[in-house]
Structures are given as C-alpha cells and as structure tokens.
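J.: Quick one: the structure is below, and I'll ask about it shortly.
The values are calculated or read from the model by the stated rules, or taken from the named source; none is laboratory data. This structure is a prediction, so every number in the text was calculated from the model and none was measured. Neighbour counts run over all protein chains shown; Cβ positions are idealised from the backbone, glycine included. What goes into the accessible areas is simple: the full protein's heavy atoms, side chains included, and nothing from ligands, DNA or RNA. Shrake-Rupley method; radii C 1.70, N 1.55, O 1.52, S 1.80 Å.
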Amino acid sequence: MTELLSIVFAPGFFTSEPVRTAAVIGAAAAIVSGVVGVFTVIRGQSFAGHSLADVSSAGGAAAFLLGINPLLGFLGMSVLAATSMELVRVDRASERDLVTGIVTGAGLGLAALLFYLDVTTSSTTGATVTVMFGSMFAIPASIVPLALIVGIGALAAVGMLYRPLLLCSLDPDLAAVQGVPVRLIGLLHLIVVALAVALAAITVGAVLSTGLLIGPAAIALHLARRPGLAVLTAAAIGVAATWGGILIAYDSYEWTGGHGWPVSFCIVALIFVAYVVIAQARPTRVRPVLGTARTGVASAG
Amino acid sequence: MLARGEILAVRQASVSLSGRSILKDIDFALEMGEFCGLIGSNGSGKTTLLRTILGFVAPSSGSVSFDGGSKSASVGYVPQKFSLDPYMPIRARDLVALGLDGNRLGLPLPSRGRWQKVDEMLEAVEATPFADQRIGSLSGGQQQRVLIAHALVRRPRLLLLDEPLANLDMRSVAGIVALLRRLSREFQITVLLSAHDMNPLLSVMDRVVYLAHGRAASGTTDAVVRTDVLSQLYGYHIDVVRVHGRVLVVAAEAEGDALAAIERDPVHVAQIP
Ligand SMILES: Nc1ncnc2c1ncn2[C@@H]1O[C@H](COP(=O)(O)OP(=O)(O)OP(=O)(O)O)[C@@H](O)[C@H]1O
Ligand SMILES: [Mg+2]
C-alpha cells in the first residue's frame, strides 16, 4: 500500500514548498475559471476569453520588465482589455468578434514589443516561456495572498450577479424587461473573466489560461442539467485537472531523468482527454440523418 | 399622458428601422385588465410595435406611456424568437424561476415558496411533464409554454406576447388563450397578444389593434373588423366574412392592388375554408 502510494506520489511531493504554492494558486485559478467559464460558454464568448488571455501576456511581459508582481501585470492588461472591448458599442455578434479581434491584435503586438525589450535588457528568453506557458513550480509564495484576494473577489462578484448574469446570458431581452442593466452586466462579466484569466495566467500561462476557462466549463455543460450544478462541476473538474497535472508533472521528473514536463501541459492535456471522453460518451449533438442511415442499418442487422 | 384607468398609451407613434418607415401614427390605449389582440399578417409590424412599447426601439415621433405601478418588473414579455443550444444547462423550471427573481442580486437561497410558485405556473401552462428537461431540447410549442410561464410567474401588470400561439396545436391554443384570459381577470393583468389569425381570440378580446401597411385601426372587434374600416386601412376593398363563428378577411377581387395584397398577406387567403 505504502509502496503504491510512493509510486503515485513521488518522494517529497507533500513536503515540497513549490508544490504547495502551485496547488493553492492552481486551485484558486481553476475554481474561478470554472465558475466564470460556465457563463462565458453560455454567452458564446469563448473568443473574448481567449483574447483577454492573449492580451494579458503583454501585462506579464511588462511586469517582468519592471520587476513587479507578475499577477499585477496580468490583471492590469486583462482588465484594461475587457473594459475596452465592452465599452465599444456593438449591435451585432459579428461586430463583437471584430472588436475582440482588433483588441487581441493590438495586445499581442504590445506583448511582442515588451518581450523584445525583456530579451534585450535581461538577455533571457525565460520570460516569454514563463508568461506564455506558465512555470508552476517557480511561482513565488509571495503571490499567494494577492491571488487569494483576487479569487475571492471574483467569486463574490459571480455570486452577487448570479441570477441577472444567467438571465442576460440566456436572452438579453428577457433580462432587460425585468429591469436588468444588460450592458453593465456584460461589462462586469468580462471583468470577472479578466480576473480569472489573470489568475490562470500565473499558473498555466497566459496562452493556456483559455484551456482552464473553457475546458472544464464545456465538460460541465455535458454533465450537469442545471446551472448551479454546472458551475460547481466545472470548478471541481478544474481543480481535479490542476492537481492531477501538478502530480503528473512532479512525478515526471522521475521518468524523464530530472527534466520533467511542464505542469501546464499536463493540466491542459488532462482537460482535453476528459472532454473527448465525456463528449463521446454523451453525444448530445444531432447527427446527420442521411450520412449515418446506412451504417445504422448495417449495425442493426 | 395616461388618461384615468389607462395603463398603456401609444400616441401618434411612428417607427423607422434602418431608415425604412415601418409604423406610422399608431394610436391606441389599453385599460387596466384589458385583453387586446394585435392582429396583422407577416411583416405588418407586430414585433416592431411590441418592441417599441418595451422601449427596445425608440419611436421617431409620438410617444409611449406606461404606468408601471409600484412593482419593479411590471412588464412580462414572451418574444417571438427564442433559441438556446440543446446542451445548455438550463431546465424549463430554471427559466421560470428566473422570471420570478432573475433581477435580484445574490445567490437564490433554497426556498420552498419560490419553487412552489414555479411549479404552480408550470402546471397552469401544462409544462409540468417537461419541467426538468433542458429548454434547448424542448419542442417549439413546449418552449412557448415555458416562456409564457416565465413571463407570467411574477404577475406583471402588462403582458406582451409576440405570436405565442404560432407553435401550438389547436387544442393547446384554446387552452393557453383561456389561461391568459383567466389570469388577466384574476390578477388584473393587461394583455397585448400578437397573432396573424384573430379567430382563436374572438371570444376573449376586449379590444383589437389591427395592423396593415404600417398603420393601425383599434377598438372593439365589432368596431374594427368591418368591411369599411379594414378597407380603409388596407387602401383597397376588403370583405369581412363571418361564417360558423369565424371571421375571414379576404380581398374581394383578385385583381391589381388586391392581388398584390394577397401575395403579401397570404394568411388572409389561407383562411378561406
Ligand atoms: N432591423 C430592421 N431593419 C429594417 N427593417 C426591419 C427590421 N426589423 C424588421 N424590419 C421590417 O419591418 C417590418 C415589420 O417587421 P415585424 O417583425 O415587426 O413584422 P411582424 O408583424 O412581427 O411579422 P411576423 O408576423 O412575420 O412576425 C418588416 O417589413 C421587416 O422587414
Ligand atoms: Mg413578428
């Protein structure tokens, strides 16, 4: 029994300070991302979520350059991008995608400049990899308090907005009739997405934070039939994938001769596998009638 | 702008969309507890008028006045179009519950009273059998019932329904119309319901607003659904025929303007048995 445990949990796992920090911040990021992600998916704003992730990388790069807390950098840029996207008034969904695309382009351009400056001033490419793809076992423990404050703040906001946000996400007209300020709710939703993305950027990196935002939520939509349950399921799946990924990455030092696999890869891979399995097991989508008719007969006979 | 007893007044309202004039000088008022049909064929402007009353569209001239009373969400609305992906995690009962308190902040605390109201409403629109299914997976008619329950559950002062009967079978049409009439009486709810066929509403309407070519005639059914009034509204001769308790609105001669009208308003022709 103890032998099995020591195979699953490689020596030092539970006593390692970096593992503990990664587990705490990772869980916070996963919970916030999962909870907010359900609304983002219902609203069809996955692209906006990904855009915030991309733009936040410029903040991460700036934080490196200035030597400040990277979470502050991610937060600053993602909240700025969220606000500017929502403040442009659009009438059509296609227009919204356009604005999102333009903000993304500008943000990534800024990131390119800042990364270039990072490299030329500190002559290291480490910053780029860390900002983009995360470096979970290198998160300074000093980030934990701010991360927890941001996480709790984001969850409190979703809790407050829960019903109006859900109604707006289902049908803005129905919400407006009930006196819900639809545009304000849209802005607040995207700001909370920005908080989730910034937290996730610290852990799995700016680019991969989309995986944590959309993946668990998408899986939860397949599993849960009611909104509250979907939110809890998404958070649980996110935490499970994050802790599982941390464990696999930690153990991987054993079998890769001390190099190890990036934690972010392990987390996102787990989410991807889970999504494929669940989506296969529960086909809720309509299959083309004509295309499958013949195979249907064949397999029945 | 509201006279005594009136809850809604649309005064000389004109509406343009994308530079096109859609409604011209619409003028009518509804009294507390009235049941009013908004009748017109496809494209006559029913949805546009309802959205103007809701404040989603601003009239280019004229005004809309509404007395919301002391309630915070005093209007109920059943949109003509509602679509949600079938895998969205929202059951029929969740949407009805949001009709009750979707504008409140904070998490919904577990409350028996809340779900009891929701269950009663679902029962009333005969939606209980599919109350626990995801809305996106329901049929059009089933969704319509859930939307009606969503709009009615908070007992609004004014209820606007955009073609709520369009997806229902004949038996269900009679059931829903009777339910709306009963609730309207019971709770003094003023109902404005759009439809392209007025026949299911004939026995319950206190008033009709008849739309054609962007203009409206309004009054009691007997005062509006008449050969002379509708001919003037359409701008060419129209016959109003009553057979077996049904009203048929037909263009007299299938010639010239009238022929064009039939092509534009196929519903009226389709009513000929
Ligand atoms: N956004 C818009 N821009 C320009 N024209 C519009 C717009 N929306 C509607 N219209 C036009 O306004 C007219 C009235 O449309 P409306 O949807 O109000 O009709 P309706 O009576 O509800 O029809 P239906 O019975 O088909 O629902 C139509 O001719 C339509 O083409
Ligand atoms: Mg319409």
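J.: Only residues that are within 9 Å of ligand 1 (Cβ to nearest atom) and either assigned to a strand (DSSP E or B) or open to solvent by 20 Å² or more (accessible area, probe 1.4 Å) (or both): list them for region B:24-46, please.
T.: Start the filter on region B:24-46 by keeping residues that are within 9 Å of ligand 1 (Cβ to nearest atom), which leaves B:38, B:40-46.
Residues satisfying the conditions are B:Leu38, B:Asn42, B:Gly43.
J.: Please verify whether B:Val96 is in the same structural domain as B:Leu192 (by TED's automatic domain parsing), within 16 Å of ligand 2 (Cβ to nearest atom) and within 21 Å of the chain's Cα centre (by Cα), treating the condition exactly as stated.
T.: Values: in the same structural domain as B:Leu192 (by TED's automatic domain parsing): yes; within 16 Å of ligand 2 (Cβ to nearest atom): no; within 21 Å of the chain's Cα centre (by Cα): yes.
Here the answer is no, as B:Val96 does not meet what is asked.
J.: Let me ask something else about it. Could you go through region A:223-231 and let me know if any residue there is open to solvent by less than 10 Å² (accessible area, probe 1.4 Å), closer than 23 Å to B:Ile90 by Cα, out of contact with any Gly (no Cβ under 9 Å at 6 or more places or on another chain) and outside any helix (DSSP H, G or I).
T.: Within region A:223-231 (the criterion being open to solvent by less than 10 Å² (accessible area, probe 1.4 Å), closer than 23 Å to B:Ile90 by Cα, out of contact with any Gly (no Cβ under 9 Å at 6 or more places or on another chain) and outside any helix (DSSP H, G or I)), the answer is yes, since at least one residue qualifies.
J.: Would you check if B:Leu98 is within 9 Å of chain A (Cβ to nearest Cβ) and touching a residue at least 40 places away in the same chain (Cβ under 8 Å)? Quick ask: steps written out before the conclusion?
T.: Details: within 9 Å of chain A (Cβ to nearest Cβ): yes; touching a residue at least 40 places away in the same chain (Cβ under 8 Å): yes.
It is true that B:Leu98 is within 9 Å of chain A (Cβ to nearest Cβ) and touching a residue at least 40 places away in the same chain (Cβ under 8 Å).
J.: Here's a follow-up. Only one of A:Trp261, A:Trp255, A:Trp243 is modelled with pLDDT under 90 and surrounded by 17 or more Cβ atoms within 10 Å (Cβ to Cβ); which? Explain how you work it out, then say what you get.
T.: Working: A:Trp255 fails: surrounded by 17 or more Cβ atoms within 10 Å (Cβ to Cβ); A:Trp243 fails: modelled with pLDDT under 90.
When all the criteria are applied, what remains is A:Trp261.
J.: Which ones in region A:26-45 are open to solvent by 10 Å² or more (accessible area, probe 1.4 Å) and within 13 Å of chain B (Cβ to nearest Cβ)? Please lay out each step first, then the result.
T.: Step one: list which residues in region A:26-45 are open to solvent by 10 Å² or more (accessible area, probe 1.4 Å), which gives A:27-28, A:31, A:35, A:41-44.
Correct list: A:Val35, A:Val41, A:Ile42, A:Arg43, A:Gly44.
J.: Another question, then. Go over the candidates B:Gly33, B:Gly40 one by one and state the one that is within 16 Å of ligand 2 (Cβ to nearest atom) and within 15 Å of the chain's Cα centre (by Cα).
T.: On the way: B:Gly33 fails: within 16 Å of ligand 2 (Cβ to nearest atom).
Result: B:Gly40 is the single residue among B:Gly33, B:Gly40 that is within 16 Å of ligand 2 (Cβ to nearest atom) and within 15 Å of the chain's Cα centre (by Cα).
J.: Residues in region B:211-230: is at least one touching a Phe, Trp or Tyr at 6+ places or on another chain (Cβ under 8 Å), assigned to a loop (DSSP other than H, G, I, E, B) and either open to solvent by 70 Å² or more (accessible area, probe 1.4 Å) or modelled with pLDDT of 85 or more (or both)?
T.: yes
J.: Kindly indicate the residue of region A:50-63 that is within 17 Å of A:Met136 (Cβ to Cβ) and either of a type in the set (Ser, Thr, Tyr) or open to solvent by 10 Å² or more (accessible area, probe 1.4 Å) (or both) and also modelled with the lowest pLDDT among those meeting that condition.
T.: Per the criteria, the residue is A:Ser57.
J.: Taking the conditions exactly as written (small (Gly, Ala, Ser), touching a Leu at 6+ places or on another chain (Cβ under 8 Å) and more than 24 Å from A:Val263 (Cα to Cα)), does A:Gly153 satisfy them or not? So that I can check it myself, show each step before the final result.
T.: Working: small (Gly, Ala, Ser): yes; touching a Leu at 6+ places or on another chain (Cβ under 8 Å): yes; more than 24 Å from A:Val263 (Cα to Cα): yes.
In short, yes.
J.: Test of understanding: among B:Arg93, B:Arg51, B:Arg104, which residue is within 13 Å of ligand 1 (Cβ to nearest atom) and basic (Lys, Arg)? Break it down into steps so the answer makes sense when it comes.
T.: Values: B:Arg93 fails: within 13 Å of ligand 1 (Cβ to nearest atom); B:Arg104 fails: within 13 Å of ligand 1 (Cβ to nearest atom).
The match here is B:Arg51.
J.: Would it be correct to say that A:Val204 is among the β-branched types (Val, Ile, Thr) and within 13 Å of A:Gly34 (Cα to Cα)?
T.: No: the conditions fail for A:Val204.
J.: Still on this structure: For region A:113-170, name all the residues that are surrounded by fewer than 23 Cβ atoms within 10 Å (Cβ to Cβ) and of a type in the set (Ser, Thr, Tyr).
T.: Within region A:113-170, A:Tyr116, A:Thr120, A:Thr121, A:Ser122, A:Ser123, A:Thr124, A:Thr125, A:Thr128, A:Thr130, A:Ser135, A:Ser142, A:Tyr162 qualify.
J.: Also: Kindly check whether there is at least one residue in region B:157-172 that is away from ligand 2 (no atom under 16 Å from the Cβ), of a type in the set (A, V, I, L, M, F, W, C), in contact with an Asp or Glu (Cβ under 8 Å, 6 or more places away or on another chain) and under 30 Å from B:Val243 (Cβ atoms).
T.: No, there is no match, as no residue in region B:157-172 is away from ligand 2 (no atom under 16 Å from the Cβ), of a type in the set (A, V, I, L, M, F, W, C), in contact with an Asp or Glu (Cβ under 8 Å, 6 or more places away or on another chain) and under 30 Å from B:Val243 (Cβ atoms).
J.: Given the options B:Ser21, B:Ser61, name the one that is within 15 Å of ligand 1 (Cβ to nearest atom), assigned by TED's automatic domain parsing to the domain that holds B:Arg134 and surrounded by fewer than 22 Cβ atoms within 10 Å (Cβ to Cβ).
T.: B:Ser21
J.: When you go through (1) touching a residue at least 12 places away in the same chain (Cβ under 8 Å); (2) within 15 Å of ligand 2 (Cβ to nearest atom) one by one for B:Phe56, which number turns out not to apply?
T.: Failed condition: (1).
J.: Could you check region A:171-202 and list, in sequence order, the residues that are surrounded by fewer than 22 Cβ atoms within 10 Å (Cβ to Cβ), closer than 18 Å to B:Ile135 by Cβ and not charged (D, E, K, R)?
T.: Passing the criteria: only A:Pro172.
J.: Just need a number here: residues in region A:146-205 that are within 14 Å of chain B (Cβ to nearest Cβ) and in a loop (DSSP other than H, G, I, E, B).
T.: Counting residues in region A:146-205 that are within 14 Å of chain B (Cβ to nearest Cβ) and in a loop (DSSP other than H, G, I, E, B) gives 5.
J.: Residue by residue through region A:1-45, note down the ones that are closer than 30 Å to A:Pro172 by Cβ and small (Gly, Ala, Ser). It would help to see each step written out before you state the result.
T.: From region A:1-45, those closer than 30 Å to A:Pro172 by Cβ are A:29-45; that's our starting set.
Result: A:Ala29, A:Ala30, A:Ser33, A:Gly34, A:Gly37, A:Gly44.
J.: Let me ask another. B:Leu49 - would you say it is buried (at least 20 other Cβ atoms within 10 Å of the Cβ) and within 16 Å of ligand 2 (Cβ to nearest atom)? Before the answer, list the steps.
T.: Numbers: buried (at least 20 other Cβ atoms within 10 Å of the Cβ): yes; within 16 Å of ligand 2 (Cβ to nearest atom): yes.
Considered against the rule, which asks whether it is buried (at least 20 other Cβ atoms within 10 Å of the Cβ) and within 16 Å of ligand 2 (Cβ to nearest atom), B:Leu49 comes out as yes.
J.: Something else about it: What's the number of the only condition in (1) in contact with a Leu (Cβ under 8 Å, 6 or more places away or on another chain); (2) among the small types (Gly, Ala, Ser); (3) more than 14 Å from every other protein chain (Cβ to nearest Cβ); (4) over 19 Å from B:Asp162 (Cβ atoms) that B:Gly136 fails to meet?
T.: It is condition (3) that B:Gly136 fails.
A quick yes/no check of all residues on (1) on the phi > 0 side of the Ramachandran plot; (2) β-branched (Val, Ile, Thr); (3) in a loop (DSSP other than H, G, I, E, B); (4) surrounded by fewer than 19 Cβ atoms within 10 Å (Cβ to Cβ):
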position	(1), (2), (3), (4)
B:Gln116	no, no, no, yes
B:Glu120	no, no, no, yes
B:Glu126	yes, no, yes, yes
B:Asp132	no, no, yes, yes
B:Gly141	no, no, no, yes
B:Leu147	no, no, no, no
B:His150	no, no, no, no
B:Leu161	no, no, no, no
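J.: Looking only at residues in region B:65-87 that are more than 16 Å from ligand 2 (Cβ to nearest atom) and touching a Pro at 6+ places or on another chain (Cβ under 9 Å), which one is most open to solvent (accessible area, probe 1.4 Å)?
T.: Residues of region B:65-87 that are more than 16 Å from ligand 2 (Cβ to nearest atom), as a first pass: B:65-76, B:84-87.
Narrowing further to those that are touching a Pro at 6+ places or on another chain (Cβ under 9 Å): B:71, B:73-76.
Values: B:Lys71: 90, B:Ala73: 9, B:Ser74: 10, B:Val75: 23, B:Gly76: 0 Å².
Within region B:65-87, the match that is most open to solvent (accessible area, probe 1.4 Å) is B:Lys71.
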